[in-house]
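Below is one structure, written out as structure tokens, with a few remarks after it.
The values are calculated or read from the model by the stated rules, or taken from the named source; none is laboratory data. This one's a predicted model, so the numbers in the text were calculated from it and none came from an experiment. Note that each Cβ is placed from the backbone with ideal geometry, even for glycine, and that neighbours are counted across all protein chains shown.
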Amino acid sequence: MSRTTAKESSVKTENLRGKLIAAIIAVVVLVVVILVAEVAGSRRYTIINETGTDIESIVLYLENEYEDDYFRSENIAELSVAAGAKETGRFETVGGGYLTGASMMMEIKFEGRDKVLLYSGYFVNSFDGRIKLVFKEDAENPENITVDIKAGTGLFQSTRNTDCDETQDLFLDE
């Protein structure tokens with residue numbers, strides 16, 4: 001049977017204390033990295049055109065069309081996207097608390113097509129998250145183009161405050 005001396009016990013306590021301090025520092029560093037990643041990823045949009053046709057113009061904004069609470073934000077994005085290209089950018093926080101009932105409006109003009117107006121989501125707070133639009137050719141209907149729309153917030157892109165995560169058809173009725 002071995003007995004630990006006071007010196008060995010002191011060494012074990014110092015080792016345990018050192019490991020505890022290292023673990024606390026690692027947790028703090030991890031939290032800081034997550035917060036930096038969250039801030040760096042907010043107020044961004046990504047538009048991906050996976051079709052063979054150029055998008056001549058796309059305008060994104062938030063709008064509440066109800067007469068009593070009418071609100072239209074400044075444009076979040078206003079650009080063109082070449083066929084097969086990806087465009088990214090940043091925008092300012094939208095709404096300032098006045099978005100209850102607002103939808104994301106998208107005015108989209110493909111080369112050789114009429115302009116289409118889509119709306120998506122139900123925004124309930126000011127928005128400073130990420131928007132992603134992916135345009136794809138419809139395999140079942142070659143005249144149609146679909147768009148995957150997502151506007152989310154937070155590290156995991158929650159759509160709880162936007163209700164904006166869907167796929168829509170652009171030219172199904174042509």
The strands (runs of 3 or more DSSP E) lying entirely within the stretch 106-174 that contain at least 3 residues which are crowded, with 17+ Cβ neighbours inside 10 Å are 116-123, 130-137, 145-152
Residues located in the stretch 139-166, provided they are among the β-branched types (V, I, T) and more than 18 Å from I55 (Cα to Cα): T153, T159, T162
Verdict on E111 being over 18 Å from R43 (Cα atoms) and either free of Cβ contacts under 8 Å to residues at least 60 places away in the same chain or touching a Phe, Trp or Tyr at 6+ places or on another chain (Cβ under 6 Å) (or both): yes
Between T146, T167, which is out of contact with any Cys (no Cβ under 9 Å at 6 or more places or on another chain), at pLDDT 90 or above, among the polar types (S, T, N, Q) and over 19 Å from E87 (Cβ atoms)? T167
Counting only residues in the stretch 130-140 that are touching a strand residue (DSSP E or B) at 6+ places or on another chain (Cβ under 8 Å) and of a type outside the set (A, V, I, L, M, F, W, C), the one nearest to D165 (Cα to Cα) is identified as K132
Of all residues in the stretch 88-105, how many are buried (at least 17 other Cβ atoms within 10 Å of the Cβ) and at pLDDT 85 or above? 3
Quick one: how many residues across the stretch 133-174 are under 15 Å from the mean Cα position of the chain (by Cα), in contact (Cβ under 8 Å) with a residue 60 or more places away in the chain and more than 26 Å from V31 (Cα to Cα)? 3
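Condition check ((1) surrounded by 12 or more Cβ atoms within 10 Å (Cβ to Cβ); (2) over 28 Å from D148 (Cβ atoms); (3) of a type outside the set (S, T, N, Q); (4) not assigned by TED's automatic domain parsing to the domain that holds A151) across all residues:
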{"site": "G18", "(1), (2), (3), (4)": "no, yes, yes, yes"}
{"site": "A23", "(1), (2), (3), (4)": "no, yes, yes, yes"}
{"site": "A26", "(1), (2), (3), (4)": "no, yes, yes, yes"}
{"site": "V33", "(1), (2), (3), (4)": "no, yes, yes, yes"}
{"site": "D54", "(1), (2), (3), (4)": "yes, no, yes, no"}
{"site": "V59", "(1), (2), (3), (4)": "yes, no, yes, no"}
{"site": "N75", "(1), (2), (3), (4)": "yes, no, no, no"}
{"site": "K86", "(1), (2), (3), (4)": "yes, no, yes, no"}
Can you pull out the residues in the stretch 72-90 that are under 19 Å from R43 (Cβ atoms) and in a loop (DSSP other than H, G, I, E, B)? S73, E74, N75, I76
